[in-house]
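The values are calculated or read from the model by the stated rules, or taken from the named source; none is laboratory data. Quick caveat, the model's predicted, so the values are computed rather than measured. Cβ sites come from the backbone with ideal geometry, for glycine too, and all protein chains shown count toward neighbours. Please note that ligands, DNA and RNA were not included when accessible areas were found on the heavy atoms of the full protein model with its side chains. Shrake-Rupley method; radii C 1.70, N 1.55, O 1.52, S 1.80 Å.
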Amino acid sequence: MPSNANAKFLNDLQAGLRDLEARSQRRSLSELSGINLCSNDYLGLAERPELRAAVLEGVQAATRVGGTGSRLLSGHQRIWNDLEEQFAEFVGTEGALYFGSGYTANVGLLTSVLKKEDVVFSDAHNHASLIDGVRLSGARKVIYPHLDLNALEGRCDTACRTRAAESL
């Protein structure tokens, strides 16, 4: 028999779900059909047979499958160098570094290049990966309203005056 705390929790949970249902805001995990405008699959590659075949080929040739952790912790394989070198050549750069997602790429980049002394001007609607990257870097963040370049200019002026006063 559930304790009173469990019973209260279940009642509150069910009431919350009924409330969401009444406002037509209850979500399910059912697969979407039609055009999906909330996906990160911007180029529509997830349903391409060529990509499916390439993934199957890659998995069959791999010595291990899955995210076992960072290369620093779980070891580095030559195949990652090959992938990064091929991509760097493709885009015409000196080098490339593979990240498993855009989120980790942004957090990794920002925490690597920003210092505590830096100031970052951040649009209020920036993606969580940018917000977290700046926060984890320790840099000072100045937020301005979404797409408001006048507010950005004002905040830049204020930051410059503050920086100049601090250096006196």
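With the simple spin-label model, which puts each label point 7 Å out from Cα in the Cβ direction, the Ser33 to Gln77 separation comes to 3.8 nm.
May I ask you to give the solvent-accessible area per residue for the chain, in square angstrom, as obtained with a 1.4 angstrom probe? Please list the in-between numbers first.
Numbers: 13960 Å² over 168 residues.
Dividing the accessible area of the chain by its residue count gives 83 Å².
If you wrap segment 1-112 in the convex hull of its Cα atoms and look at it from every side, the mean projected area works out to 13.7 nm². Every Cα-Cα pair in segment 63-168 was counted, and those over 21 Å apart are 54% of them.
The stretch between Asn150 and Lys8, if pulled fully straight at 0.36 nm per residue, gains 46.1 nm over its current Cα-Cα span.
Amide H contacts for Val142 (H built 1.01 Å from N in the peptide plane; partners 5 or more residues away or on another chain; cut-off under 5 Å): Val120, Phe121, Ser122.
Over all directions, average the projected area of the Cα convex hull of segment 73-124 and note it in nm². It would help to have the intermediate numbers written out before the result.
Working: hull surface 22.7 nm².
That works out to 5.7 nm², a quarter of the Cα hull's surface.
When only alpha carbons are used to place a centre, segment 55-112 and segment 141-163 end up 36 Å from one another. Modelled spin-label separation between Thr104 and Glu117, with each label point placed 7 Å from Cα along the Cα-to-Cβ direction: 3.2 nm.
As a fraction of the 1.4 Å probe accessible area of segment 1-76, surface on carbon and sulfur atoms comes out at 57 percent. Note that segment 125-137 has calculated 3J(HN,Hα) couplings of 9, 4, 5, 4, 5, 6, 4, 5, x, 5, 4, 5, 6 Hz, one per residue in order, obtained from phi through the Karplus relation 6.51 cos²θ - 1.76 cosθ + 1.60 (θ = phi - 60°); glycine and proline are x. In the chain, Cα pairs under 8 Å separated by at least six residues give a relative contact order of 11 percent.
Across segment 17-78, the fraction of Cα-Cα pairs farther apart than 17 Å, rounded to a whole number, is 68%.
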